[in-house]
Each structure stands twice: as structure tokens, then as C-alpha cells.
1. Can you tell me the FRET efficiency between A:GLN167 and A:LEU205 if r is taken as the Cβ-Cβ distance and R0 is 22 Å, rounded to the nearest 0.05?
2. Relative to the present Cα-Cα distance, how much length would full extension add between A:ASN460 and A:LYS253 at 0.36 nm per residue of separation?
3. Output ³J(HN,Hα) for segment A:101-112: one whole-Hz value per residue in order, computed from phi by the Karplus curve 6.51 cos²θ - 1.76 cosθ + 1.60 with θ = phi - 60°, and x for Gly and Pro.
4. Please report the spacing between the Cα centers of segment A:83-135 and segment A:250-316 in Å, no decimals.
5. Out of all DSSP beta bridges in chain A, what portion is antiparallel? Express it as a percent rounded to 5.
6. Within segment A:297-334, which residues have the backbone N less than 18 Å from the label spot 7 Å out from A:GLU447 along Cα→beta-carbon, could you tell me?
7. What nm distance separates the two modelled labels at A:SER392 and A:LYS296, each placed 7 Å from Cα along Cα→Cβ?
8. Mind checking the dipole of segment A:202-360: about its Cα centre, +1 per Lys or Arg Cβ, -1 per Asp or Glu Cβ, Debye to the nearest 20?
Amino acid sequence: MQEKVVTRFAPSPTGYLHVGGARTALFNWLWARRTGGTFILRIEDTDQKRNTPTAARQVMDDLRWLGIQWDEGPEAGGDNGPYLQSQRRDIYDKYIKELLDRRQAYYCFETAEELDVLRKQAEAQKQGFVYRRPAEFPGTEDAEKARAEGRPVTVRFAAPHEPVVVQDLVRGAITFAAGEIGDFIIQKSDGFPTYNFACVVDDRLMNVTHIIRGQEHLNNTPGQQALWQALFPDAPLPKYAHMSVTVSDTGGKLSKRERPKTLRTAIKASQEIDLDRVAEAGDITRGELDSFIKGKTTPDMPIVDAMAQYLGVALPEINIVDFFKSGYLPEAMVNFLALLGWNPGDNREIMVLDELIEAFDLGRLTKANSLFDRQKLLAFNTEHARLVPGESLLRHFKSYLEEVESPVAVADDQLLSRIVKLCEGARTLADIERKCRFLFLDNDDIEYDRKAVRKVLFKNDGLGVLAIVRDKLAAMNGLTEQAIENMLRSLAEEKQVGLGKVAQPLRVAVCGTTISLPIFDSVEMLGKENVLARIENTLREFGSHINGEQA
RNA sequence: GCCCCCUUCGUCUAGUGGCCUAGGAUAUCAGGUUCUCAUCCUGGAGACAGGGGUUCGACUCCCCUAGGGGGUACCA
């Protein structure tokens with residue numbers, strides 16, 4: 001009988017979930033769903049220095065936003081827990097001891113600096129560095145003694161001296177020559193296991209059948225495979241699938257460092273900014289900011305975000321939550337991510353979750369790295385915004401409004417639903433928000449876009465037209481969308497101009513910009529009183545400038 | 001330096017030796033629809049990294065070169 005498929009996503013909780021991690025999670029999840037198997041979330045928090053307390057929580061939120069549910073893991077439970085590696089220390093210790101007893105592992109006491117010297121020597125001789133195994137393995141007493149002397153004590157795996165062949169589902173058989181796998185460390189001097197050890201133990205104990213991960217792990221695989229065989233000689237090896245890597249369209253590897261980098265460049269590029277205010281916006285000291293600008297340190301993401309927002313600098317989206325904040329739909333993200341390094345084999349591209357699950361196949365992963373193309377993501381988002389059911393779009397829009405703290409968030413469902421319908425064809429939720437925001441501002445808070453004012457109000461007698469429109473609106477008693485359209489169209493006809501010539505001045509008067517919902521609906525929703533007040537404000541604000549501008 | 005992986009339009013990709021006059025999507029360009037922003041419609045241009053083999057025949061198989069990526073940690 002075919003064994004049940006078990007896959008896992010094993011992030012280290014060092015920050016937000018980024019697109020690369022999300023894609024790995026997605027592929028593992030899709031394969032589990034496709035085969036009716038189990039998808040596990042395991043948190044690899046074995047590095048005391050790098051873990052941040054909120055990261056695991058954030059990663060889980062982001063996975064949920066994408067619609068990726070784990071069957072076993074934190075908050076979901078399961079028979080093979082705990083799912084935090086920091087809580088599995090006794091398990092790892094037991095296997096380390098086993099290996100030590102069987103002389104398949106041994107203690108060593110070099111400091112990091114000493115190892116560094118050895119590495120440099122190897123490179124100078126144009127050799128790859130391999131740790132030289134001692135003829136005699138130190139005993140437990142030696143370890144105790146070294147510890148007492150203050151030397152670091154680590155444990156290394158005595159890797160077999162033979163070629164290792166990794167069977168990869170994407171790349172076929174990959175041979176590593178004998179001696180290529182060094183005796184890597186499996187237990188650090190702080191007593192925690194290393195990644196290469198913990199993941200092997202856990203994959204076995206959690207019955208993982210398929211390891212789907214980025215190709216940056218390909219070189220770890222022979223070591224892990226050898227370790228598996230030493231630890232669990234009777235268990236069949238898991239199947240490996242090493243996916244291509246996703247690289248950035250802004251050049252180089254797609255990395256979370258891109259955001260701080262973009263911010264730093266922006267700060268350096270602009271001369272006249274008040275650095276003290278910038279530091280204040282990020283709630284850091286001036287010294288910390290200077291250190292960041294010099295490239296010495298990198299503040300946490302929320303600080304970077306806050307400073308970027310203060311400066312009005314758009315940072316490239318890297319983390320899943322960035323895309324949420326930019327108004328992308330999870331349906332589009334998942335669809336787009338799935339197509340980075342995989343395709344269904346026919347010409348389909350726009351697919352919903354069920355279609356992805358039905359079509360997904362590990363045999364169709366592509367080998368070459370792919371570039372993360374935001375333009376294409378945008379096209380996917382536009383497509384999905386049209387495709388998702390109305391209620392879903394409304395739900396997405398509401399959580400987006402909350403996330404970005406938009407003034408639009410106060411609107412009720414009925415109003416929002418009408419707005420969303422009027423925005424068919426919008427590319428992102430941010431576009432929808434931008435088009436309807438003016439409805440939720442006070443009449444006196446409208447900010448006028450300078451270009452719009454110049455182009456629409458100061459040219460073609462825009463202000464004059466606006467005054468006529470005001471009078472016509474004032475004379476109407478029912479301000480329905482239809483009545484407004486009729487009025488504007490007949491005015492345009494009367495004046496022998498296009499509808500735009502009469503509609504645009506009105507739009508700028510009520511919105512401050514040339515971008516909004518359809519103008520007829522806008523006026524109806526705002527109501528006569530507000531519209532007239534805004535027109536008056538506009539005429540008052542710009543009426544006196546008219547001669548100066550035309551001169 | 002050493003090890004591993006990869007290479008089709010700008011980008012994501014289809015292609016498993018003859019179906020390829022290399023298909024789709026996106027981006028781009030031209031035109032059209034439209035009250036703004038978008039959307040939408042029609043059409044165009046655009047790729048097998050280079051060199052050797054193997055074969056009647058190579059985008060497809062092999063070798064070399066070049067280029068790209070990854071690893072080389074008491075990170076994962």
C-alpha cells in the first residue's frame with residue numbers, strides 16, 4: 001500500500017514570512033492536498049541568537065491569510081509534537097548520545113577562531129575545507145574537562161567516507177564524491193542541535209515523506225541523508241524535491257534586506273530632509289539612524305516601515321504582509337507564487353485554489369531560477385479581483401481597510417459593497433480605496449492635487465464650468481446618479497464639448513484629484529449639501545488665482 | 001578557491017528527436033471603446049547563450065566554453 005504523503009514547512013522564526021518562504025509552504029501544502037496527505041508546520045527555533053518572539057505568530061498569520069492551513073503544528077496540535085524544536089531538546093539529546101555511543105559522532109573543542117584559521121589554510125591551498133577527524137575520539141571525561149576549562153564543546157557527525165547519491169525529484173540523481181561531506185557539527189556548544197541534525201530527526205519522527213524546499217538546501221542533502229541512514233537504517237529515505245530559487249526583479253536575490261536598502265538609498269538621495277524627524281518617525285535615536293544610513297546596522301522592519309511612510313517612500317514588497325498592505329488579494333498571490341517554478345502543462349495561468357490543487361504535480365517543477373515579476377503579479381491581481389465572488393472581495397477590502405487604517409473603514413457593508421461594484425476593473429484594493437477615500441473626508445479636509453487644479457480648473461474655463469454646474473446642482477431636488485448624469489450630459493451637449501470637460505472640474509472640486517469613482521455616483525453618495533460646499537470651497541480657493549495663472 | 005545546480009521572447013513559461021513557419025501569459029508598441037483612473041477589444045514586434053559532436057533529422061541527447069544562481073557557519 002502506498003504510504004500516506006506527509007510534507008512540512010519548517011521556517012525559522014526570524015522575521016516575517018517572505019515570498020520565497022510562502023512559495024515553499026505553498027508547494028508543500030499543495031502536494032499534501034493533492035495527494036490527500038498531511039501538511040505539517042514546524043518551527044525551527046534552534047538558534048537562540050536569531051529568533052524573535054513574535055515571528056512565529058506573524059508567520060502563522062501570513063500563512064492563514066494566504067489560505068494555507070496546516071494539519072499538524074502549533075495551534076493545530078497533532079500526534080507528533082511538540083512542533084517547536086526548542087521544546088524537543090531531550091529527543092535530540094537522546095539521538096546525539098546514541099551516535100556518540102556508537103562512535104558515529106564525536107566531541108570536538110575548537111573555537112570558532114581556530115576553525116577559521118583551518119578554513120583559510122584550506123582555501124589558500126585551493127582545497128575545500130573538510131574537518132580532519134581525530135584518530136582517537138575524545139571521551140565524556142575529556143568533554144567535561146574541556147567544559148571546565150571554558151572551551152566550547154560541540155559534537156560532530158562522523159560522516160561515512162563514500163560517495164553519496166541524492167535522488168532528487170526535480171533534478172534526478174546528483175552524486176557527491178566521497179569526502180565531500182565533512183564531519184559537520186550536529187550539536188552546538190550551547191547544547192542546541194544544529195539545523196542539519198534536528199531536521200533529520202524531526203522529519204523521521206514526524207513521518208515526513210516528501211521534503212520540498214529551495215535549492216539552497218541541495219548541498220545539505222547528502223549530509224542529511226547520511227545522517228538519516230546512520231540514525232534510522234531501517235526507514236526508507238524521504239523523497240527530496242529541490243525547487244528553483246526566486247530572484248528579485250530589482251536585481252539580485254530576493255531578500256528582505258531590499259526594503260531597508262531602498263530606504264537607505266532614498267534617505268541618502270534626498271538632501272533636504274530633517275534626519276531628526278526621520279529618527280523620530282521610526283522611534284529610534286539619531287545615532288541609531290546614522291548608523292543605519294552608514295550601512296552598519298539595520299533596524300527592525302516596523303521601524304523601517306514607519307520611516308518610509310513618514311518620507312513617503314514606496315518600499316518593494318518582499319514579505320507577504322507587504323503585499324497585503326499594498327492591496328493584493330491572497331488568491332492572486334497564491335496563483336502567482338504557484339506559477340513560479342511550476343505550471344500545469346497546458347496554457348492555463350489564472351487558477352483558483354481548487355484548480356491548483358487538482359493540477360499540482362511535483363513532476364512538473366521547473367529547474368531554472370525565476371524572477372519575481374511584480375508587473376505580472378499586478379495583472380494576476382486585476383484578474384482575480386474580477387473573478388472572486390462579491391462577498392469575498394468585500395471581505396478582503398474590509399480587512400485591507402483595517403490593516404492600513406483607512407478612513408474608509410467606517411463605512412457600512414452596503415456602502416462598501418456599492419463602492420466595490422463601481423470599481424470593476426480596479427487593479428488592487430489600494431486603487432479602490434484611493435477612488436473612494438474622498439467620500440469619508442470632511443469637506444474642509446480635501447487636499448487639491450496641484451496638477452489636477454492646473455490642468456482641469458485653470459484650463460478651458462474649468463472654474464467657469466464649475467460655477468454653472470454648481471447652479472444646476474443647486475436647482476435640482478433629487479440628486480440621483482441618473483439625474484446627475486442627465487444634467488451633465490445635456491450641459492456638455494449644450495456647450496458643444498465632451499462630457500469630460502464638464503465632469504472633470506466637478507470631480508476635482510469634490511475629490512481634489514482627477515481619480516475617483518464614477519462622478520455621477522460620487523455626487524449622489526456625497527449628497528447635495530456636501531457637494532455644493534466643496535464646490536464653494538474650490539471656487540473660493542482658486543477663483544482669485546485664475547487671472548494670474550492665465551497670464 | 002572548492003562543491004552543487006541552472007541556461008527558450010524583457011519576464012514567467014510550453015516544448016521529452018520529425019507535429020516548431022517554436023505556442024501561451026505578462027510587459028511593450030500601434031489602433032479602438034470610455035466622465036477620471038482602470039478595465040476591455042483588435043493588431044504588431046519579440047527567444048532556442050556560443051562552439052563542437054551523435055543522428056537521415058536536434059530547442060530536445062552528449063561534450064566543452066561562457067554566463068547566472070546556490071552552498072562552502074556552533075544560520076536555517
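1. After rounding, the FRET efficiency stands at 0.50.
2. Full-extension gain reported as 69.5 nm.
3. For segment A:101-112, the Karplus curve yields 4, 8, 6, 9, 8, 8, 6, 8, 10, 5, 7, 4 Hz.
4. 39 Å
5. In chain A, approximately 50 percent of DSSP beta bridges are antiparallel ones.
6. Under 18 Å, as judged by backbone N against the label point of A:GLU447, lie A:306-315 of segment A:297-334.
7. The answer from the label model is 5.0 nm.
8. Approximately 640 debye in magnitude.
Here, each number is a calculation from the coordinates, and none is a lab measurement. Quantities reported herein were computed from a predicted structural model and do not represent experimental measurements. Cβ atoms come from the backbone with ideal geometry, glycine included; neighbour counts cover every protein chain shown.
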